[in-house]
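Throughout, read-outs are computed from the coordinates displayed, never taken from laboratory work. Everything numeric in this text was worked out from a predicted model, so none of it was measured. Neighbour counts are summed over all protein chains in view; Cβ atoms, including those assigned to glycine, are modelled from backbone coordinates with ideal geometry.
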Amino acid sequence: MDRREGDLIELALAGEFDVIVHGCNCFHTMGAGIARVIRDRFPEAYAADRTTEYGTRDKLGTISTALITRAGVRFHIVNAYTQHHWKGAGVKAEYPAIKSCFEAIARDFDGARIGYPLIGAGLARGDWSVIEPIIDTALAGQRHTLVVLPG
């Protein structure tokens with residue numbers, strides 16, 4: 001896993017990534033964090049989310065995707081269903097779902113330049129020391145980069 005500081009979305013718009021990934025809940029919310037920014041800036045990604053079944057736990061560990069084209073730059077946004085919901089206290093990140101999502105990304109985007117934030121370790125309150133090796137294993141052999149905001 002490579003790691004760099006920056007703004008994941010701006011890096012994608014600059015042509016640095018073929019695929020960017022963010023964690024989603026199963027209720028078509030995309031209402032906070034990077035998901036909200038993606039929903040607002042890339043309605044195609046929100047539309048892809050809304051084609052999936054609302055609220056079902058069966059969606060955990062799956063992905064939906066949208067092809068984005070802006071100013072001649074093309075990349076995919078992956079909505080990774082890594083948590084069932086966002087309500088209440090405690091950890092919302094579901095580690096087996098994170099594993100399944102990244103295995104699907106490795107399969108569907110083999111050879112692509114993949115970027116992602118601290119998926120599951122922010123608003124979903126998961127433990128990055130658990131999540132990091134899950135992603136690293138699932139994306140073994142792929143070009144993938146953790147992008148963290150500076151500061």
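Could you tell me how many of the residues in the stretch 1-36 are closer than 27 Å to residue 111 by Cβ and either free of Cβ contacts under 8 Å to residues at least 40 places away in the same chain or not aromatic (Phe, Trp, Tyr) (or both)? Walk me through it before giving the result.
Keep residues of the stretch 1-36 that are closer than 27 Å to residue 111 by Cβ, which gives 1-24, 34-35.
Those left that are additionally either free of Cβ contacts under 8 Å to residues at least 40 places away in the same chain or not aromatic (Phe, Trp, Tyr) (or both): 1-16, 18-24, 34-35.
Final tally of qualifying residues: 25.
Give all pairs with beta carbons closer than 6 Å in which a residue from the stretch 128-151 that is part of a helix (DSSP H, G or I) meets a residue that is of a type in the set (Asp, Glu); count only pairs at least 6 apart in sequence or on separate chains.
Pairs found: 138/103.
Results for (1) surrounded by 15 or more Cβ atoms within 10 Å (Cβ to Cβ); (2) under 23 Å from residue 131 (Cβ atoms); (3) without any contact (Cβ under 8 Å) to a residue 60 or more places away in the chain; (4) under 12 Å from the mean Cα position of the chain (by Cα), shown as yes or no for each residue.
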residue	(1), (2), (3), (4)
42	yes, no, yes, no
45	yes, yes, yes, yes
50	no, no, yes, no
61	yes, yes, yes, yes
71	no, no, yes, no
75	yes, yes, no, no
88	no, yes, yes, no
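Does residue 36 fit the bill of being assigned to a helix (DSSP H, G or I) and among the basic types (Lys, Arg)?
So residue 36 fits the description; yes.
Can you name every residue in the stretch 58-106 that is among the aliphatic types (A, V, I, L, M) and in a strand (DSSP E or B)? Before the answer, list the steps.
Filtering the stretch 58-106 for residues among the aliphatic types (A, V, I, L, M) gives 60, 63, 66-68, 71, 73, 77-78, 80, 89, 91, 93, 97-98, 104-106.
Of everything in the stretch 58-106, those that are among the aliphatic types (A, V, I, L, M) and in a strand (DSSP E or B) turn out to be 63, 66, 67, 68, 73, 77, 78, 80, 93.
In the stretch 1-57, what residues are under 18 Å from residue 72 (Cα atoms) and β-branched (Val, Ile, Thr)?
Across the stretch 1-57, the qualifying residues are 9, 19, 20.
Among the residues of the stretch 20-40, write down those that are more than 18 Å from residue 131 (Cβ to Cβ), buried (at least 18 other Cβ atoms within 10 Å of the Cβ) and of a type in the set (Val, Ile, Thr).
38
Please determine, by comparing only the residues of the stretch 90-133 that are closer than 16 Å to residue 62 by Cα and small (Gly, Ala, Ser), which one is surrounded by the fewest Cβ atoms within 10 Å (Cβ to Cβ).
Ranking the qualifying residues of the stretch 90-133, first place goes to 104.
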